[in-house]
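Each remark here refers to the structure printed beneath this line.
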Amino acid sequence: PKAKPAPGQKLGFGHIFTDHMFVMEYSDDEGWKNARIIPFDYIPIHPASTVLHYGAEIFEGMKAYKTADGYQMFRPLENIRRMNDSAERLCLPTIPEDIAYEALTTFVSVEKDWTPSANGTSLYLRPFMFGNDETLGVHAVHNATYVIIASPVGSYYKEGINPVKIMIEDEDVRAVRGGTGYAKCGGNYAASNRAGERAERKGYSQVLWLDGVERKYIEEVGAMNVMFKIGDEIVTPVLSGSILPGITR
C-alpha cells in the first residue's frame, strides 16, 4: 500500500492515485469478461490499438464523499447512463447498468480509506473505456477495455471555490450538432486545448464556448455546464446534441 495523503495536505486535482484499479475486457464473441480489481499499474497496449489511431475512447468523472458512516456517491447511475450514451456514439460496447454499478460500488468499497474528509475534498472516480482492436482498419470496435481509477482531490481550480476568470472563445468551436458534443470522449477535450492555452496565457482559467454555427449563442464552459441566474430564474443552454448533459444540471 502507498502512503495516503496526510490530513490537511494540499491535494490538487488528479495527481495522487489510490492503490488499485478495476479492469475488465470486452470482445464481440464473449461480451464483458474477466472483471477484477488489481494493483494500480501501467496498461500494456498493442501499437496498432484502435484508440491510438482513431480515438475510440470515452470516460466519466464522478466523486465519492466521506460521511459519518462511510461514503456516498452522487447519482452514479446517471454517470453510467451517460457513459453508455457516449459508447453508443463512438461504436464502443455499452455496459449493462447493473454490472457497471456493481463494479463501481465494489471498487469504491475497496478504496474507501482513500476518501479524504476535509471540506471541499472528495475521492474522484475516473471510469474510462477504449477500443483495442489490434488492426489499422477503421470500423466499429470489436474489442475494448474498461478501467476505473481513483484519486483523492481538492478543488479543480487553484482559486478553489472563489470566482474564476472565463474567456469567451470566438475563433475555435468545440462541437456542433450531429457531432460528438454530447459524448464524453477524449477528442472533444483535445480539440479544446488550443483555446484553453490561449485563455491561460491571457490570465483566464477556462473557456466559454459559443455555438459552432453562428458563434453567438452560449453553450458551455470547458470543464462544466454553465448556468445563469436571471432575476429569480436559473437558465441553462438547451441540450441540442452539442452539449454534454450534466449530472448536476
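The values are calculated or read from the model by the stated rules, or taken from the named source; none is laboratory data. Note that the coordinates shown come from a computational prediction; the quantities given were computed from them, not determined experimentally. Cβ coordinates were reconstructed from backbone atoms using ideal geometry, including for glycine residues, and neighbour counts include every protein chain displayed. Calculation scope for accessible area: heavy atoms of the full protein, side chains included, ligands and nucleic acids excluded. Shrake-Rupley method; radii C 1.70, N 1.55, O 1.52, S 1.80 Å.
Numbers for the structure displayed
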{"item": "Computed accessible area, R75, all protein chains, 1.4 angstrom probe, square angstrom", "result": "110"}
{"item": "Computed helical MRE - 222 nm, the chain, DSSP H runs ≥ 4 contributing -39500 (n - 2.57), nearest 500", "result": "-6500 deg cm²/dmol"}
{"item": "Accessible-area ranking of S86, S205, largest first, probe 1.4 Å", "result": "S205, S86"}
{"item": "Partner lysines for K184 [C-alpha distance under 25 Å; skip if fewer than 8 residues away on the same chain]", "result": "K33, K63, K158, K165, K216"}
{"item": "Surrounding net charge for D113, when Lys and Arg each add one and Asp and Glu each subtract one, Cβ distance under 15 Å", "result": "+1"}
{"item": "Beta bridges per DSSP with both ends in region 129-234, % antiparallel, nearest 5", "result": "70"}
{"item": "Accessible carbon and sulfur surface of the chain relative to its total accessible area, %, 1.4 Å", "result": "54"}
{"item": "Label of the coordinate-derived value, Cα extents along the principal axes in Å, listed as (1) 63, 43, 28; (2) 50, 50, 34; (3) 122, 39, 24", "result": "(2)"}
{"item": "Sequence ranges 8-15, 59-66, ranked by mean other-Cβ count within 10 angstrom, highest first", "result": "59-66, 8-15"}
{"item": "Separation in nanometres of the label points that stand 7 Å from Cα toward Cβ, at A3 and E171", "result": "4.5"}
{"item": "The chain - percent relative contact order, Cα under 8 Å, separation 6 or more", "result": "22"}
{"item": "In nm, spacing of pseudo-spin labels at Y217 and Y157 (7 Å Cα→C-beta vector)", "result": "2.6"}
{"item": "Heavy-atom SASA rank of R249, R201, R194, R174 (probe 1.4 Å, accessible area, largest first)", "result": "R201, R194, R249, R174"}
{"item": "Spin-label pair S240/I99, simplified geometry with 7 Å Cα→Cβ offset, distance in nm", "result": "3.7"}
{"item": "Global geometry of region 36-181, whether rounded, prolate or oblate, following the gyration tensor of its Cα atoms and the 1.5 cut on a/c", "result": "oblate"}
{"item": "Accessible area (Å², per residue) of the chain, counting only protein heavy atoms and a probe of 1.4 Å", "result": "56"}
{"item": "Within the chain: Cβ-based charge dipole about Cα centre, in debye rounded to nearest 20 (Lys, Arg +1; Asp, Glu -1)", "result": "940"}
{"item": "Within-10-Å neighbourhood charge of D170 [Cβ basis; K, R +1; D, E -1]", "result": "-1"}
{"item": "Share of alpha-carbon pairs per 10 Å distance bin for region 107-249, given as whole %", "result": "9, 29, 34, 22, 5, 0"}
{"item": "GluC sites (Glu not before Pro) lying in DSSP loop within region 165-242, provided at most 13 other Cβ fall within 10 Å", "result": "E171, E214"}
